[in-house]
Amino acid sequence: MKQILKPNSLLFFLFLSLLISCSGDDSETMPDPDPVGVVVKGCDTFIESLPSLNTATLDFECKGNPFSEEGALSSSNLTGTWGRFGGPDGSAFLKLSYANNPAGSDINNSSKVLGITENAGIEVWAGFFFNLNEKVNFPNGQEAISIDVYSTAPGQNVLLKLEDSQNSDNFKEVSKTTTKTGAWEKLVYNFSADDSNKFNRVVMIVANGTQNTAETTYYIDNISFSTPEEVAALSEPMTAAVAPTLNASGVLSIFSDSYTDVADTDFNPNWGQSTAVSKKDLDGNTVLKYANLNYQGTAFAAALNVSSYTSLHIDYWTADANALNFFLISSDKGSGAVEKAKGLDLTNLGQWNSIDILLSDFSPVDLSDIIQFKVDGNGTVYFDNIYFK
């Protein structure tokens, strides 16, 4: 016999119900705890469960709108299977809801879609996540994920990250940019067969890098596997990386137009390298260009003490590198300089990538006595927004 829950008992279940069709035919089996039958006002009876991309499109269809303001995503009903980030604790800075399709079209004529309402002034990287009931297994020939996005304006940066819910360091993220105003478009996020059976969490930032001056609602729908999109090869970036928004008081900047950089840094010391270093202007923002890279150094006028910081941020772009390592180097203590490298992910060629490397990953480098950076690899690579935080 199915348990009938009153509406005020549904807060825990509402987000999970949002992620699957309200039709019993599309139900999945939740392994733990046992599934609970739920009747939601305005919806069919269905079985609560974590969704699976492997078995069905996530279409958010529902008869009526049970995900009301009272049931919207808030700090009072967060669980370990879904959540949000990028705003103050204890306030409903980002809310999810079933929403009417704002403008049906050939691309998306669904009745209901997912609405993401963001308060004014929240972090430009605010977003949400939900877990899946099994790891994503891309079908042969469909090593991509498509999402219908209702674009508020051209240039809306929509980030999709697949992640291991047990190890957030194991992830892959892809960004796509909208081209329309007030209309649906299908964004295709290319992954690869190598990404199968690794990730069981979906993370989204629907307006990455956008600072809202007023409450804004974005819409998405129909998350499903797709044929990978052919990407035209670019030899250089056409736009700059997203400008950082951290307060300058918490940053030690080496190279960024957003902050005051450490003075008198030598970005091209003569180490016998074949790399050609130059600076390039992109939309009024200066980036570093390493052409014909084999290795390249950066030398500081005086040693830096970065022991009070936790990570090193780097934005980088390349169309052709297949090897790229970033080194932190501390000074000679009688036995030679100490250096440690971190390999940079080259999965997403032809777009800006961001990484925050924990400074502990550079051990045994002396963080109180940093004298140089070094990069080695190949191809042509662009760098921007290099700073400790």
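The values are calculated or read from the model by the stated rules, or taken from the named source; none is laboratory data. Keep in mind the model is a prediction, meaning the values are calculated, not measured. When we count neighbours, we look across all protein chains shown, and the Cβ atoms used for this are built from the backbone with ideal geometry, even at glycine.
Filter region 334-389 down to residues that are within 30 Å of Asp194 (Cα to Cα) and part of a loop (DSSP other than H, G, I, E, B), then give me how many there are. Please lay out each step first, then the result.
Applying the first criterion (within 30 Å of Asp194 (Cα to Cα)) to region 334-389 yields 340-363, 374-386.
Cutting the leftovers down to part of a loop (DSSP other than H, G, I, E, B) gives us 344-352, 363, 378-380.
Here the count works out to 13.
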Per the filter on region 308-322, residues surrounded by 15 or more Cβ atoms within 10 Å (Cβ to Cβ) and among the small types (Gly, Ala, Ser) are Ser311, Ala319, Ala321
Take Val158 and decide whether it is outside the structural domain of Leu358 (by TED's automatic domain parsing), under 20 Å from Gln211 (Cβ atoms), under 16 Å from the mean Cα position of the chain (by Cα) and in a loop (DSSP other than H, G, I, E, B).
no
Hits in region 286-336 (condition: in contact with a Phe, Trp or Tyr (Cβ under 8 Å, 6 or more places away or on another chain) and either polar (S, T, N, Q) or free of Cβ contacts under 8 Å to residues at least 12 places away in the same chain (or both))
Gln296, Thr298, Ser311, Thr318
Could you tell me which residue of region 202-234 is nearest to Ala319 (Cα to Cα), considering only residues that are of a type in the set (Ser, Thr, Tyr) and in a loop (DSSP other than H, G, I, E, B)?
Thr227
Residues located in region 268-280, provided they are over 32 Å from the mean Cα position of the chain (by Cα) and surrounded by fewer than 16 Cβ atoms within 10 Å (Cβ to Cβ):
Pro269, Asn270, Trp271, Gly272, Ser274
Residue satisfying condition, being assigned by TED's automatic domain parsing to the domain that holds Asp361, assigned to a strand (DSSP E or B) and in contact with a strand residue (DSSP E or B) (Cβ under 8 Å, 6 or more places away or on another chain), within set Val306, Val277
Val277
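Quick one: which of Ser258, Ser249, Ser253 is part of a strand (DSSP E or B) and of a type outside the set (D, E, K, R)?
Result of the check over Ser258, Ser249, Ser253: Ser253.
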Only one of (1) touching a residue at least 40 places away in the same chain (Cβ under 8 Å); (2) more than 17 Å from Ile371 (Cα to Cα); (3) surrounded by 12 or more Cβ atoms within 10 Å (Cβ to Cβ); (4) out of contact with any helix residue (DSSP H, G or I) (no Cβ under 6 Å at 6 or more places or on another chain) fails for Asp283. Which number is that?
(3)
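From the list Asn353, Asn325, Asn305, Asn294, which one is out of contact with any helix residue (DSSP H, G or I) (no Cβ under 8 Å at 6 or more places or on another chain) and crowded, with 18+ Cβ neighbours inside 10 Å?
On the way: Asn325 fails: crowded, with 18+ Cβ neighbours inside 10 Å; Asn305 fails: crowded, with 18+ Cβ neighbours inside 10 Å; Asn294 fails: crowded, with 18+ Cβ neighbours inside 10 Å.
Unique residue meeting the criteria: Asn353.
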Considering each of Leu312, Leu288 in turn, give the residue that is in contact with a helix residue (DSSP H, G or I) (Cβ under 8 Å, 6 or more places away or on another chain), in a strand (DSSP E or B) and not aromatic (Phe, Trp, Tyr).
Leu312
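Run down Ile116, Ile145, Ile107 and say which single residue is closer than 19 Å to Ala214 by Cβ and either touching a strand residue (DSSP E or B) at 6+ places or on another chain (Cβ under 6 Å) or surrounded by 15 or more Cβ atoms within 10 Å (Cβ to Cβ) (or both). Lay out the reasoning, then the answer.
Values: Ile145 fails: closer than 19 Å to Ala214 by Cβ; Ile107 fails: closer than 19 Å to Ala214 by Cβ.
On inspection, the qualifying residue turns out to be Ile116.
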From Ser97, Ser110, Ser168, Ser146, grab the single residue that is out of contact with any Pro (no Cβ under 9 Å at 6 or more places or on another chain), among the hydroxyl-bearing types (Ser, Thr, Tyr) and assigned to a loop (DSSP other than H, G, I, E, B).
Ser110
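For (1) basic (Lys, Arg); (2) in contact (Cβ under 8 Å) with a residue 12 or more places away in the chain; (3) farther than 24 Å from Val381 by Cα, each residue gets a yes or a no:
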| residue | (1), (2), (3) |
| --- | --- |
| Leu187 | no, yes, yes |
| Asn190 | no, yes, no |
| Arg201 | yes, yes, yes |
| Met238 | no, yes, no |
| Leu246 | no, yes, yes |
| Thr260 | no, yes, no |
| Thr265 | no, yes, no |
| Asn270 | no, no, no |
Would you confirm whether or not region 231-244 contains a residue that is acidic (Asp, Glu) and over 20 Å from Leu346 (Cβ atoms)?
no
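Could we say that Ala92 is among the aliphatic types (A, V, I, L, M), at pLDDT below 85 and part of a loop (DSSP other than H, G, I, E, B) here? Don't jump to the end; show me each part of the working.
On the way: among the aliphatic types (A, V, I, L, M): yes; at pLDDT below 85: yes; part of a loop (DSSP other than H, G, I, E, B): yes.
Here the answer is yes, as Ala92 does meet what is asked.
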Between Thr239, Thr177, Thr181, Thr217, which is closer than 30 Å to Tyr309 by Cα, polar (S, T, N, Q) and outside the structural domain of Val375 (by TED's automatic domain parsing)?
Thr239
